[in-house]
Amino acid sequence: MENENNELRDLVDYGRGSGIDAYDPVTARVYSRSNSSWYSTIEINKGSSDGVEVNQPVINGKGLVGKVKTVSDGNAVVMLLSDSEFGVSALAAQANQPGSILPVAGSPDDLLLDLVPNAKEVRRGDRIVTAGTVSDRLPSPFPEGILIGTVKRVEGEGELDRTIHVAPAADLRSLDFVQVLTKPTSDLRASTTP
């Protein structure tokens with residue numbers, strides 16, 4: 001019960017300080033989790049009757065959790081960041097370097113920041129946020145500036161063989177409440193600070 005209260009408090013605090021409220025978040029309870037190491041999903045108790053649609057971003061009080069995968073009238077399945085099919089355009093905020101966040105299959109505490117043009121600029125401790133839409137041809141369902149995680153280590157010396165590991169801001173194994181951003185294309189920018 002104390003954990004649930006803390007999660008709800010974090011959601012309220014995150015919404016207040018980040019501008020997330022402009023995206024009409026719908027708070028939902030998690031009632032089921034997948035147990036596969038390849039497909040990481042949760043089921044929530046909100047659906048299309050609550051304004052939830054496929055591909056809408058899902059957050060908790062710490063940052064990005066995933067996106068809506070399927071939806072029915074009263075519930076939805078959320079694909080987590082750690083799902084083998086998940087990917088999102090990202091930005092290493094301090095280094096101002098774009099890239100893509102990809103999962104490490106079977107490791108919910110490890111993500112990869114890939115396709116970074118100047119990977120040597122990215123350092124341990126850099127905050128990784130959603131990049132938002134970077135091209136009108138490829139609009140992103142994710143608003144710009146939502147915290148994804150923090151760089152925990154960088155492996156490799158060269159530009160092409162550098163592997164950037166990111167620890168997700170959200171604890172993907174312990175989710176009781178999340179928020180679905182039902183209007184993710186608002187012309188606002190989420191705060192990159194907690």
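Every test in (1) at pLDDT below 85; (2) surrounded by fewer than 17 Cβ atoms within 10 Å (Cβ to Cβ); (3) within 16 Å of residue 128 (Cα to Cα) is passed by residue 171 save one, and that test is (1). Looking across region 150-161, the residues that are charged (D, E, K, R) and modelled with pLDDT of 85 or more come down to 152, 153, 155. For residue 99, the conditions (1) surrounded by 19 or more Cβ atoms within 10 Å (Cβ to Cβ); (2) modelled with pLDDT under 95; (3) more than 11 Å from residue 148 (Cβ to Cβ) are fulfilled apart from (3).
What about residue 104, is it among the hydrophobic types (A, V, I, L, M, F, W, C), crowded, with 19+ Cβ neighbours inside 10 Å and modelled with pLDDT of 85 or more? Here the answer is no, as residue 104 does not meet what is asked.
Examine region 130-147 for a residue that is under 23 Å from residue 84 (Cβ atoms), more than 12 Å from the chain's Cα centre (by Cα) and at pLDDT below 90, and state whether such a residue exists. Checking region 130-147: at least one residue is under 23 Å from residue 84 (Cβ atoms), more than 12 Å from the chain's Cα centre (by Cα) and at pLDDT below 90.
Within region 94-110, the set of residues being among the aliphatic types (A, V, I, L, M) and not in a strand (DSSP E or B) comprises 95, 104, 105. Within region 18-29, the residues that satisfy the criterion of being crowded, with 19+ Cβ neighbours inside 10 Å and either closer than 20 Å to residue 108 by Cα or out of contact with any helix residue (DSSP H, G or I) (no Cβ under 7 Å at 6 or more places or on another chain) (or both) are 18, 23, 28. Filtering region 57-72 to residues that are open to solvent by 10 Å² or more (accessible area, probe 1.4 Å) and modelled with pLDDT of 95 or more leaves 67, 69, 70, 71, 72. When residue 119 is tested against (1) over 20 Å from residue 85 (Cα atoms); (2) open to solvent by 10 Å² or more (accessible area, probe 1.4 Å); (3) modelled with pLDDT of 85 or more, just one condition goes unmet, and that condition is (2). Cβ separations smaller than 6 Å between residues 6+ apart or across chains give the following pairs from region 34-61 residues that are farther than 16 Å from residue 82 by Cα to residues that are open to solvent by 50 Å² or more (accessible area, probe 1.4 Å) and aliphatic (A, V, I, L, M): 47/71; 48/71; 52/71; 54/71. Restricting region 125-152 to residues that are aliphatic (A, V, I, L, M) and touching a residue at least 60 places away in the same chain (Cβ under 8 Å), the residue that is farthest from residue 163 (Cα to Cα) is 146. Can you name every residue in region 108-147 that is among the acidic types (Asp, Glu) and within 28 Å of residue 52 (Cα to Cα)? The answer is 109, 110, 136, 144. The residue list 36, 82 contains one member that is modelled with pLDDT under 95, buried (at least 17 other Cβ atoms within 10 Å of the Cβ) and of a type in the set (Gly, Ala, Ser), which is 82.
Number of residues in region 79-93 that are of a type in the set (A, V, I, L, M) and in a loop (DSSP other than H, G, I, E, B) equals 2.
The values are calculated or read from the model by the stated rules, or taken from the named source; none is laboratory data. Everything quoted here is computed from the prediction, not taken from an experiment. Positions of Cβ are backbone-derived with ideal geometry, glycine not excepted, and every protein chain shown enters the neighbour counts. Side chains are part of the model used for accessible areas, which takes the heavy atoms of the whole protein and leaves out ligands, DNA and RNA. Shrake-Rupley method; radii C 1.70, N 1.55, O 1.52, S 1.80 Å.
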